[in-house]
Structure formats: structure tokens, C-alpha cells
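What follows is one structure encoded as C-alpha cells, with my remarks underneath.
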There are 2 protein chains.
Amino acid sequence: MEKMLRINMGADGGPKASSIPVGEYSGLAGRALTSALVSKEVPPLCHPLGAENKLVISPGMLSGSLAANSGRLSVGCKSPLTGGIKESNAGGMASQTLARLGYAAIVIEGKPSGDDLYTIFINKDGVNINVDNSLKGLGNYALVEKLKQQYSEKACYISIGPVGEMKLASASIACTDMECRPTRHAGRGGTGAVMGSKNVKAIILDDTGMGMRKPKDPDKFKEANKRWVDGLKKHPVTGEGLAAYGTNVLTNILNEAGGYPTHNFMWGRFENHTKISGETQAALETERGGNPTHGCHRGCVMRCSGIYMDKYGQYLTKQPEYETVWAHGGNCGIDDLDTIAMLDRLDDDYGIDTIEMGATIGVAMEAGLAKFGDGAAAINFVNQVGKGTDMGRILGSGAAVTGKVFGVERVPVVKGQSMPAYDPRAVHGIGVTYATSPMGADHTAGYAVGSNILGIGGKTDPLSPEGQIELSRNLQIATAAVDSTGMCLFIAFAVLDQPETFQALIDMINAFYGFNLTADDVAELGKSVLRNERAFNAAAGFTSAHDRLPGFFTRDALPPHNVKFKVTDAELDQVFNF
Amino acid sequence: MEKMLRINMGADGGPKASSIPVGEYSGLAGRALTSALVSKEVPPLCHPLGAENKLVISPGMLSGSLAANSGRLSVGCKSPLTGGIKESNAGGMASQTLARLGYAAIVIEGKPSGDDLYTIFINKDGVNINVDNSLKGLGNYALVEKLKQQYSEKACYISIGPVGEMKLASASIACTDMECRPTRHAGRGGTGAVMGSKNVKAIILDDTGMGMRKPKDPDKFKEANKRWVDGLKKHPVTGEGLAAYGTNVLTNILNEAGGYPTHNFMWGRFENHTKISGETQAALETERGGNPTHGCHRGCVMRCSGIYMDKYGQYLTKQPEYETVWAHGGNCGIDDLDTIAMLDRLDDDYGIDTIEMGATIGVAMEAGLAKFGDGAAAINFVNQVGKGTDMGRILGSGAAVTGKVFGVERVPVVKGQSMPAYDPRAVHGIGVTYATSPMGADHTAGYAVGSNILGIGGKTDPLSPEGQIELSRNLQIATAAVDSTGMCLFIAFAVLDQPETFQALIDMINAFYGFNLTADDVAELGKSVLRNERAFNAAAGFTSAHDRLPGFFTRDALPPHNVKFKVTDAELDQVFNF
């Protein structure tokens, strides 16, 4: 991966691709590369939908190799949702495929002057950029079906739905999975709107003729990878828990902890939680001939994904993640898995972040536009977003805009981005991450739920501010590094509990690149990523005032524990003291 | 004015009014008082529509006295439009009336829990707060008609229309004029939404039985006021220009200067400008039996206001101001005065800031929702805002939200507030004020147009960055002081050109209060106001990154002079170096 592909969509005479050496970004990949490039090359005050913004798509350091679970893709840009820097992370086949094609990144720059819609085809022979206006308005599913006919079933597709074309701030970028379905999304922060602003509908990656990436020291790499896989398999979460029930295993756990945000963050428990739990979902999937144990990309040994069939036994969507089930479920008072799965399907098809969409519907319900629990209304809302009605454009712009337009005070966002499925009052550590992450409210930026609720890497009291700053700081640093390796974040469960598994990861990287990294070097990598991101945000106008939760979290107590968020502002300002 | 009225709308048992001494705010009035109180008492990170925000309504230092042109009212709060501090200023009868009732301010705090709508009646005997849900949804005109029956034709009314009730960020607060019509608005920054969030529909001020406020030294005061009036009358702008054509005299002047923003800031000249100029407007008003020369409050000697009749000779609206004629006219490509007057009437009736509304329609037209020049579409847009349709709620949330929802890049806002009728590329001084004012883009915060275009207080080259920082700095300081006196800002034309008229103003204040202020003290007052405002904004998360114009002003040249905005960021950061 010593080259990157620069595509200038605004070049005179039409879009132009150049394959160039990675140069100053050598050695960087994934989030480390996207954040370095965006913070260096994108003017912090530029319009996120303008020619100056860049969309950077980068596989991780180990993507495209035999390393297990190394298939995560980083997508970076200035976010239309937050106005700050964004790295949004997706599974699926894109990361492995792009890495095998030898690209450390695709950088989409500039902006075409007309409204032609483009596809970008990349294979071992080079790049073809074509106008294809017949794709306008297509949902991701129909789009991929059409492109599969034109290209290959074995290719991988990175695409936007109509919501990305409309440049709405909740638009996602879809990546196809092992079955070549557009189910794995770089969801957060409106990356799909940036791709839409550059009039790129789809990127087709075909790695035919390219082999696995080769390690510098194949024997050492193979041996480390074996320890790595063993480590993942022996940990109860990565080895069994995720495989059995997927991420939705968390519904019952968070509900029990009183940290399951219900009815737009009114309460911490949802009375009908068992109807939408991972256990119920997995049983239903099995009963209908789906599959609750399945990877989102080749090389995954955790297999937390799954396949959700409708009541007629036909494929409906991939197994919705915990955060999706929460966003459209308990957060909106909806307790029907088929409704939630349909919402997940629609989100994927239109190209919408499921978390932002669910949180937005919660705000719309609070505004009185529909009753909590009304699944048909929720489906109608999402369809309106997909169609781009006036209401749809409001909702598709996210929870912050929806709250503003309808005069709602209880809007669960930080830096304009909606909070996921953990209430900060009952899970203090995640509240610190929500408040301070350069990404806006993002559970994946420093998943303190692991320690607060599951006791991973040591137990901290979720209801107390004690120790949460240090916990979130360390997790944010570690996560920034993990997001640069191409590794799925869930490896953290094993890595945090098993030092030998962490060492196996470092050994794999060293064997692959011929490096001599230590654990401290990995931490330093994470810190440097965060420093780049914080510097971009500071130049974009972010201050400590933006590292805060909305006032209702410190003012209104959350049942059943009747707790408020008790981490002080002064403590929050210590997170990045490193 | 040694007392203020604190009204807690969220008190247990219902809203409660307390008349208390001004205490620490003694000696402050107008903007000096609203900004001091908001910066001291409103948490900078609170939700602008929440219980913690406060709406502060304050007459100026000389309001309620015999001083000519002292009838301006300041309305302060945290702005739902900008997220920063706001002082919005209105003419009409409210300031004089409130001052005669002896109140330095009305402070509306807290928030009722239900959705009852309230009126607040204030006279010499005290305060009555009543529920009146029959007023829900009424436009300002119908509302005032209804209240006049119930109260008095001689009372003064401060009210919100349906847009304030909907808490949309472009909502204004209306004040009645000499004819008891709701035509004078604290328009900018969404003050009407804050009043709406506190469920206050109208404040009725009846000063029956109260006399003029008495100066400490009546003879000195009378003598200074005579010099003051003479000074205003002898200056060509305040003595003749404004009276003859109103503020709309600027249409031809700005168009000639190439600084008249046309078609959403695409060009600097509007080919049909003469059809909507002040000269044409005044002739039409006279022809139809209206009146182009009229004051907005008693005691005005400049009389820049007027009365606009429809083609049947019936009252339609007050003479639309230059910025309104521009916002709905050239900015939207509309060249018909009757259409513009109807838009002005609708804005006043629904309770919308005319500048924000016109700029928003320009953005909507750029988004392709209607063609530039389509007056019927513009009227339809405003009606939708008034009715609160989905489209109306988008547009009523202002240009920044509308741009976001429709993916428009050319959005002429600073700190979320729309720019008025002067393009910063052709009028550099006003660009500095737009960029740096704590209020967001606001021509009244430091009216550099006077020097750049009219040569008031010395001429500066409008197309050059030279001298603009100092000009804007001095004007912003002076304006903050003037906004605290209750004086109409237009006195600045005379005061800047005639030192003896400035001295007359200081002498009036000194005679009235028994002070010994010098010109330096007045400047210090202005500086202290700005310091309070900047401190609030800093704590609310504003940095120098927010003191910038949108990128297209430095990137795209403006015809006909083909100029870009050339003041550097480093220079902008010098404005508040005092």
C-alpha cells in the first residue's frame, strides 16, 4: 500500500484519477491516515459540501492480509453533521479489497460543476470514471444489483443511496458484505453527503488477479496470527457471546443496568425489552432460516453479524446491530423486531445512519409528530427521508436540526451528532466519551461500556464519576490506534482482558511491516491521531464548550436509578491531557 | 427607572411578577443592561428555548424623557438562531412607555410546564398575568386589534405572532407604533422564539397616569435637547434624506456602488433596482395617499418611517425598510413593490425577521425550490412559515438551517445569522462588522456603510481592506453605547459628522442623570458592553473561527467590480484589541 489514488472530481475536462506514492503519509493507514490527511489538507472552515472538502477512504494497516478480523475501512472528511473532523468506520469487503489493490487510500477531491452522476471503477489495471445518470435516485440494494450485472458479483461496492445524493447530514456510505449486499455502512457523521456532494454514486473495487498482501516475515506473521486467533476465540465475548447473539445481546444487559435510553432518553429501562433482545432475535432468525452467526467480511472469527429473514422466510436485512435495534426500538418505544428490521433495511437502502435516524425519530416523537411506539409512523418517517419530502429533509438532517425546526429541548446530541444506545447518566464512562470525542457522540470512540457494565479490562462503577476520565482517555487512545490497524473494534474485548492477545496483535504488525513497535508506540500512534483530530476541530472553532453533554443530563434524573451525570466540566477538560 | 420587573413564568403555582430594585444593574439601560444581565445570569451553554434562558426587555437611558429620538427598545437573551448572546433593537412606542412606567427592564425567566398562553398587563398599579388561550395562533395584527378592544387604544403592545409560538429561530417580537400597529420589530436572532418558549403571547404596557421622566437638571437638559434637535435637523441625512425617502434611499446608492447583493449574493447589482428604490416607493406612497415621512415613535424628528397603501388606497403595511426591500426584492430577484410590501406585511403579521426571511428565500431559490424573481412563490413561502407546514418550519428556522436541509453551499450567514443588504466584497467595512460582531451578521452593529459608501465620519475605500478594522472597531464601540441610550442608531450620521451634536447627546445624559460623563466614558461604556457580549459568546463556545465570513466571499469575485473580500483573518482578530 505504498500508493494512493487521488481523484479530482473538479478537474478541467472532467474527473481525473492519479495514482501517486503515499509520500508523507507513508506507514499510516485507516483512521491514522484519514485524520492525518483531512487535518493537513482540508481547510477547517470550509463548507463540508464544497470543493475544498475531501473524502478519504482508507483500509487499515493489516487489511488485505491473512490477519483475522482486519477488514475494517476508515472513511474520513469534514463532517456535514458536526462541522468537525470525521472518521467513520465500516465492515464489509471494501477494506480487504482496496488493500489488495495496493491502495493506502482513495482521496476524492474537488467537485464537478454539473449534476452528472459518476461511478469509479478500480481494478488491477487502473481506474475508470464514468458518467451514469441511470443510477440517479437508486437505493443501495437496487444499485448494487444493477452494478453487479454490469461488473461482477465478486467485486465490492462502496455506494450511496438517495439520501447521500440529496446531501443530507445523516447520509451513510454503504459497503457490500460477503454476500455482496450493501449492509455495512460508514454510518456516522454524514460521509454519504460528502460523497454525494462530489457526485460519486458508487466505487467498484475488483481485486481479481491480486493476491493477499504479503508480510515481510511470513513465518513470524503466521505464528502471531495463530496466537491472535486463539486469543479471540478463548475470550467469552469475542469467542462465544458475539457469535451467539450478535451485538444485540446488549439489550437485556443495558436494560438491567438501567442505562437503556427509552422514549428519547426519558427513562433507563424499556418494559418490552425482551421482545427485541438479542436472544429473541437470534431465535427468530434461526426459526425463519436466517443465520445469527455470520461474519461481515471474510477473515472474521467473531461472527457477530447475521441474516434476518422476514416472516415468509425471505431475506430482509442483515441482523440489525444493538444500536440500531435500540435507536428504532426502545428509544422510539417500538417493540416489534420485524418493524425494526424493516427500518434497518430502509436505512441501508436509502443510505442513512441508523443511529442518527432512530435518535431523530425519537426527537420527532417528542415533538408530537407521532406517538412513541408507533412503528408504522417510524417507517413512514424513514420513507419520507428516502423520498426527500420536506419532512424527510428535516429528519434526514439529523436530530439537532430536527430539534431546532420543531423547537424541542431534549435533543441527545454532542457536537450535533446523536448519542447511541447508552444513557450517560447510568453509564458515566460512555458519557465522558460522548462529550469529549472529536467525533461527536460516538460509543465506538472509547467504549467505556465494556468496563462500566461488562467488567472488561477491570470494573468501574457506571453510576459514579470515579475513574471515568482515565478510562475514557485510555480507551480513546487505544481505539484511535485500533481504528488504524483495520481491526474490528470488538477485538478490544479480548485485547483488554488478555495481555498476550494484545502482544499478538503488535507482533503481527511488526512481522508484517518489519517494524519493532512496542505497546507504547501503539499508544503514541493513538495519541497522534487524536491530536490531529483535536487540532482540526480547534481550527474549525471547537472549544471545551463543545466537549459537554446537553444540559438535561446534568439536570434531570434518569429512572430507575434516578441518577444524573456527575462528571464535572473541569474533569472533562482533563481527558486530553496527555 | 430604579426598579425592574422580574417575571418567573415557571414559578410554583403559576407565573409570578416581582418588582425589585435594579441593584447591581443600576445606571445601565438598553443594550448595556440586557447584555450585562444575560452575560451574568444566563448559563452560556443552556438551551435557548429552555427555562434557564431569560428574555430581557429594556428601554434606553433617555427613553421616556423629552429627548428627541430616544424611543429604541433593547431585547436581550441567548439567541436560538446564533447560540450566542443577542440584543435586538426595535422602535415603536414600547421603550418610551416602559420607561415612563419606571421599569429599567422586564426580565422574563423560567418556563411554564403546560401549554397555556399568557398575557402580561403592566400599568401604574402593577402587573397582571393572565391565561388567554383564545389568542393562540393569532397574527400580530389580529392580536393587537383584539387586545385593543380589551385594553386600550392608547396602550402599547409587545407581542409575538404564530412563528414565535412555534419557537422558530427567525421569530421576531413586535412593538406597536404611533398608530398602535405591530410594525416595529426586534427582528434579529429569534427573540420571538424565546418569548414563545415562555408561553408569553403579549405584554400590554399602559402608562396612563405616568408623566414624562424628569431630568435632574431640567434647564440644562432642555438646552442640550435643543442643540441635539438642531444638530439632527441640520445634517443632510438625518434632517432631509431619511425623511424624504426613508432608509430605502439606499437601494440606488448601494446598487451604484456595486454592493447590492442580488440573487443570493451572486452579483452586486440588480438591473431592476429603480423599480423598488426609495424614490419610487415614496412617490407611490404619496400617490396612493400613504405617507413617506413619518416617525415610528413619538419624539422622532428624523421621520424615516412611512405608511404604505395598497393599490386600492387601503393601509397595507408600514413603509418597508431598505433591508426588507432588499431581502425580499433584489436578493430574490423580485422587482415589484406591492409584492415586497405584502411580504413585509406578512412578516410583521406572522412575526418574522424580514432580513432572515428574505435571505432564507434567496437560499431556497438557489436550492431550486422556486425561480429567482417569482414573487408569488415568495409569498407562498412566507405563508407556509406562518402556517408551520414542514417547509415553513424549515424556512422559519433561518437561512443556515435551510441551507443545511437543502444542501446549499452559498449561504450568507455569520454565526448562523443572515447577512443584510450590503455585500462585504464591495463594502469591506461592513464585512468586518458582519464577521466580528458578537451578534452574528448585523449591519446595525457597526454601520461601516456610512463611511465606506456615504462618506459619513470620513471616507474609506469600500473595495479595499485598508482602515476597515479600525473603522468597524470604533463603530461597534460607539454603537454599543448608542444602543444603551435608547437613541435611534440613525443619530450616528449626525453625531459622527458633527462633534457638537455628539456633545449635545452627552450633555443631555449628564443633565438627565446628574452625571459628568465625557466622550471617553461613553466609549468605555460601549467597550464594556462588547466585553460582556464577547465573554458570553466565548463561554458558549465561540472562537475566532466564528469571526469569519463564509468561504465564498474570499473565493468568488463579485461583479461588477469583480472584487473578493480581502481583509485577512489576522486583521479580523484585531477588531476587539481594546
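FYI, it's all coordinate maths here, none of it is from the lab. The structure displayed is predicted, hence computed values, not measured ones. In this analysis, Cβ positions are derived from the backbone assuming ideal geometry, glycine residues included, and neighbour counts consider all displayed protein chains.
Over 31 Å between Cα atoms: which of A:111/B:371; A:54/A:564; B:16/B:40; A:136/B:566 fall into that group?
Check vs 31 Å cut-off fails for A:54/A:564; A:136/B:566.
Explain nothing, just the number: dipole magnitude of segment A:32-190 about its Cα centre with +1 on each Lys and Arg Cβ and -1 on each Asp and Glu Cβ, in debye rounded to the nearest 20.
300 debye
Quick one: net charge around residue A:42, please, counting Lys, Arg +1 and Asp, Glu -1 for every other residue with C-beta under 10 Å from its C-beta.
0
Using the Kirkwood radius over C-alpha pairs as Rh, can you work out the diffusion coefficient of segment B:460-508 via Stokes-Einstein at 37 °C, viscosity 0.692 mPa s, in µm² per second?
D, rounded to a whole number, is 276 µm²/s.
For label points placed 7 Å from Cα toward Cβ, what is the shortest-first list of nm distances from residue A:524 to its copies?
The answer, with the shortest distance listed first, is 5.5 nm.
Which residue, chosen from A:49, A:27, A:67, occupies the Cα position most advanced towards the positive end of the dipole of segment A:1-76, where the dipole is computed from +1 (Lys, Arg) and -1 (Asp, Glu) charges on Cβ about the Cα centre?
Value: A:67.
For the residues A:154, B:167, what sequence is obtained by ranking on other C-beta atoms within 10 Å, fewest first?
Sorted ascending by nearby Cβ count, the order is A:154, B:167.
Using a cut-off of 15 Å between alpha-carbon atoms, which aspartates and glutamates can reach residue A:148, once sequence neighbours fewer than 8 places away in the same chain are excluded?
A:132, A:177, A:179, A:206, A:207
Can you bin segment B:195-249 into rounded, prolate or oblate? Criterion: square roots of the alpha carbon gyration tensor eigenvalues sorted a ≥ b ≥ c, rounded for a/c under 1.5, prolate for a/b above b/c, oblate for the rest.
Oblate is the answer for segment B:195-249, as a/c is 1.5 or above yet b/c matches or exceeds a/b.
Using a Debye calculation, one point per C-alpha and no hydration shell, please list log10 I(q)/I(0) for segment A:432-499 at q = 0.12 Å⁻¹ in order.
Result of the Debye calculation: -0.27.
For B:326, B:228, which order do you get if you count the other beta carbons within 10 Å of each Cβ and list the fewest first?
Lowest count first: B:228, B:326.
Please compute, over every Cα-Cα pair in segment B:13-114, the percentage with a separation greater than 18 angstrom.
The answer is 47 percent, as a whole percent.
Looking at the protein assembly as shown, send over the antiparallel percent of its DSSP beta bridges, to the nearest 5.
Around 80 percent antiparallel, to the nearest 5.
Quick one: Kirkwood hydrodynamic radius for segment B:234-355, alpha-carbon pairs, angstrom, one decimal?
14.3 Å
Can you list the copy-to-copy distances for residue A:11, using a point 7 angstrom from Cα toward Cβ, in nanometres, shortest first?
With the label placed 7 Å along Cα→Cβ, residue A:11 yields 7.2 nm.
If N is the number of residues in chain A, what value comes out of its Cα radius of gyration divided by 2.2 N^0.38 Å?
Rounded to two decimals, the normalised Rg is 0.88.
Roughly how far apart, in whole Å, are the Cα centres of segment A:361-378 and segment B:454-481?
51 Å
Calculate the radius of gyration of the Cα atoms of segment A:3-205 to one decimal place, then report Dmax, the largest Cα-Cα distance, as a whole number, both in Å.
Every Cα atom of segment A:3-205 included, Rg and Dmax give 15.0, 43 Å.
State the extension gain, in nm to one decimal, for the chain segment bounded by residue A:26 and residue A:466, taking 0.36 nm per residue of separation less the distance between their alpha-carbons.
Residue separation times 0.36 nm, minus the Cα-Cα distance, leaves 154.4 nm.
With +1 on each Lys and Arg Cβ and -1 on each Asp and Glu Cβ, how big is the dipole of segment B:260-422 about its Cα centre, in debye rounded to the nearest 20?
With Lys and Arg at +1 and Asp and Glu at -1, about 240 debye.
Between B and A, which B residue has the Cβ nearest their rotation axis, distance in Å?
Rotation axis B onto A, closest Cβ, rounded to whole Å: B:390, 2.
Return the aspartates and glutamates within reach of residue A:3: Cα separation strictly under 12 angstrom, same-chain partners fewer than 8 residues apart disregarded; answer none if there are no such residues.
Cross-link targets: A:24.
Just to confirm the numbers: residue A:373, label point 7 angstrom along the Cα-Cβ line, distances to the other copies in nm, shortest first?
Spacings between copies for this position, smallest first, are 5.6 nm.
For the protein assembly as shown, go through all pairs of different Cα atoms, get the mean of 1/r, take its inverse, and jot down that Kirkwood value in Å.
30.8 Å
With θ set to phi - 60°, apply the Karplus curve 6.51 cos²θ - 1.76 cosθ + 1.60 along segment A:117-132 and write out the HN-Hα couplings as whole Hz, x wherever there is a Gly or Pro.
9, 10, 10, 10, 9, 10, 9, 5, 8, x, 10, 10, 10, 10, 7, 9
Specify which residue in the list A:135, A:81, A:114 is farthest towards the positive end of the charge dipole of segment A:3-205, using unit charges on the beta carbon of Lys, Arg (+1) and Asp, Glu (-1), about the Cα centre.
Farthest along the dipole direction, towards plus: A:81.
In terms of Cα to Cα distance under 16 Å, which lysines are near enough to residue B:415, apart from those fewer than 8 places away along the same chain?
Output for residue B:415: A:404, A:415, B:78, B:86, B:404.
Counting other beta carbons within 10 Å of each Cβ, put B:391, B:93 in order, fewest first.
With the fewest neighbours first, B:391, B:93 line up as B:391, B:93.
Rounded to the nearest 20 debye, what is the charge dipole size of segment A:1-114 about its Cα centre when +1 sits on each Lys and Arg Cβ and -1 on each Asp and Glu Cβ?
180 debye
Please report Rg (one decimal) and Dmax (integer) in Å for the Cα set of segment B:260-422.
15.4, 47
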